[in-house]
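Notes follow the structure.
The values are calculated or read from the model by the stated rules, or taken from the named source; none is laboratory data. Model, not experiment: these values are computed from the prediction. Here the Cβ is made from the backbone with ideal geometry for all residues, glycine too, and neighbour counts use every protein chain on show.
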Amino acid sequence: MATYLDAIVARHRSDAAQDARSTDELVEVARELPPGRGFRASLAASTELAVISEVKRRSPSKGDLFVDLDPAALAADYQAAGATCLSVLTDTESFGGSTDDLVAARTAVELPVLRKDFTVSANDVCDARLMGADCVLLIVAALDDAELRDFAALSGEIGLDVLVEVHDEAELERALATTAGDLVGVNQRDLVTFEVDQARAVRMAGVMPADTIRVAESGVRGRDDAVALAEAGYHAVLVGEHLVTAADPVAALAELRVPLA
């Protein structure tokens with residue numbers, strides 16, 4: 001059954017096929033940039049459940065969430081509330097994000113930043129580094145094994161951390177076969193129904209290697225969820241909708257900072 005991810009990835013692949021820029025030239029420029037802020041290292045060093053707070057304007061399933069947000073101001077609020085890292089959507093058509101959102105958010109804070117987008121080409125990986133991201137997202141369901149391997153290796157070459165996203169054990173096995181298996185995100189939201197399945201995340205935490213930094217993505221709705229995920233063995237949660245729709249995002253974020261199990 002086709003999912004919302006299929007349509008978005010198809011669009012990104014179409015765009016990538018029309019990208020005539022030289023990958024070698026992009027890599028050369030990216031290699032010369034100063035070191036990143038250490039996305040994975042920041043998560044690993046946290047003494048509590050780390051919160052990756054997201055700058056998110058809209059979503060395919062919920063529509064508009066906070067279309068008029070100020071990415072710099074929101075990022076500063078997140079940092080003040082104790083966020084460990086940021087995630088910034090840069091997909092425009094489906095999520096209302098942009099490169100400008102990432103640049104503005106990262107400039108306003110000292111936190112490491114994930115470029116949250118649909119990486120389908122080597123140029124996409126380079127673009128993440130060139131726009132200032134410290135980490136790039138690789139979605140296993142959107143890539144074949146060769147792409148996963150090559151994009152993970154390229155990320156390391158140009159100084160990017162990789163958050164590799166999985167939905168089940170089969171995808172986890174594929175992720176662990178790459179150099180990106182030390183930082184894994186489990187998407188709790190079903191790609192077909194959009195329903196959140198925390199039991200999936202709990203199950204997946206138990207089959208990851210001990211040295212993997214585990215991130216629960218999507219559908220974190222408050223402190224009870226954060227406590228349950230920390231108890232299951234997660235090091236971090238990536239939270240967007242719950243924060244950007246909260247009456248007080250700072251207070252909502254503070255509630256998610258729970259002790260690690």
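Quick check on my filter: what residues within segment 112-133 are under 14 Å from the mean Cα position of the chain (by Cα) and among the hydrophobic types (A, V, I, L, M, F, W, C)?
Once the filter is applied, which keeps residues that are under 14 Å from the mean Cα position of the chain (by Cα) and among the hydrophobic types (A, V, I, L, M, F, W, C), segment 112-133 yields Val113, Leu114, Phe118, Val125, Ala128, Ala133.
Considering only residues that are outside any helix (DSSP H, G or I) and charged (D, E, K, R), look in segment 198-231 and name the one that is surrounded by the fewest Cβ atoms within 10 Å (Cβ to Cβ). I'd like the intermediate steps shown before the answer.
Applying the first criterion (outside any helix (DSSP H, G or I)) to segment 198-231 yields 206-222.
After this cut, where a residue has to be charged (D, E, K, R) as well, the list is 211, 214, 217, 221.
Details: Asp211: 8, Arg214: 22, Glu217: 26, Arg221: 14.
Residue satisfying both the conditions and the ranking: Asp211.
Among the residues of segment 18-60 satisfying the criterion of being in a helix (DSSP H, G or I) and of a type in the set (D, E, K, R), which is nearest to the chain's Cα centre (by Cα)?
Arg40
Restricting segment 156-178 to residues that are of a type in the set (Asp, Glu) and closer than 21 Å to Asp127 by Cα, which is surrounded by the fewest Cβ atoms within 10 Å (Cβ to Cβ)? Reasoning before the result, please.
Going residue by residue through segment 156-178, those that are of a type in the set (Asp, Glu) are 157, 161, 165, 168-169, 171, 173.
Filter once more, keeping what is closer than 21 Å to Asp127 by Cα: 157, 161, 165.
Working: Glu157: 13, Asp161: 25, Glu165: 21.
Here the residue is Glu157.
Specify the residue that is surrounded by the fewest Cβ atoms within 10 Å (Cβ to Cβ); the eligible residues are those in segment 79-92 that are in a loop (DSSP other than H, G, I, E, B), in contact (Cβ under 8 Å) with a residue 24 or more places away in the chain and at negative phi.
Residues of segment 79-92 in a loop (DSSP other than H, G, I, E, B): 81-84, 90-92.
From the residues that got through so far, the ones that are in contact (Cβ under 8 Å) with a residue 24 or more places away in the chain too are 81-84, 90-91.
Add one more test, that the residue is at negative phi, and what stays is 81, 83-84, 90-91.
Working: Ala81: 20, Ala83: 25, Thr84: 23, Thr90: 22, Asp91: 18.
Top of the filtered list is Asp91.
Can you name the condition, by its number, that Ala142 falls short on among (1) free of Cβ contacts under 8 Å to residues at least 60 places away in the same chain; (2) within 15 Å of the chain's Cα centre (by Cα); (3) surrounded by fewer than 21 Cβ atoms within 10 Å (Cβ to Cβ)?
Failed condition: (1).
Going residue by residue through segment 201-215, is there one that turns out to be modelled with pLDDT of 90 or more and closer than 22 Å to Arg129 by Cα?
yes
Before we move on, is Gly63 on the phi > 0 side of the Ramachandran plot and over 15 Å from the mean Cα position of the chain (by Cα)? Show your work before the answer.
On the way: on the phi > 0 side of the Ramachandran plot: yes; over 15 Å from the mean Cα position of the chain (by Cα): yes.
The answer is yes for Gly63.
Which number in (1) of a type in the set (D, E, K, R); (2) more than 23 Å from Thr212 (Cβ to Cβ); (3) surrounded by 15 or more Cβ atoms within 10 Å (Cβ to Cβ) marks the one condition that Glu32 misses?
For Glu32, the failing item is (3).
Looking only at helices (runs of 4 or more DSSP H) that lie completely in segment 93-159, which have at least 3 residues being closer than 15 Å to Ala180 by Cβ?
Working: elements: 99-108, 122-130, 145-157.
Filter on segment 93-159 gives 122-130, 145-157.
For segment 179-197, what are the residues that are surrounded by fewer than 23 Cβ atoms within 10 Å (Cβ to Cβ) and part of a loop (DSSP other than H, G, I, E, B)?
Those that are surrounded by fewer than 23 Cβ atoms within 10 Å (Cβ to Cβ) and part of a loop (DSSP other than H, G, I, E, B): Thr179, Gly181, Asp182, Asp190, Leu191, Val192, Thr193, Phe194, Glu195, Asp197.
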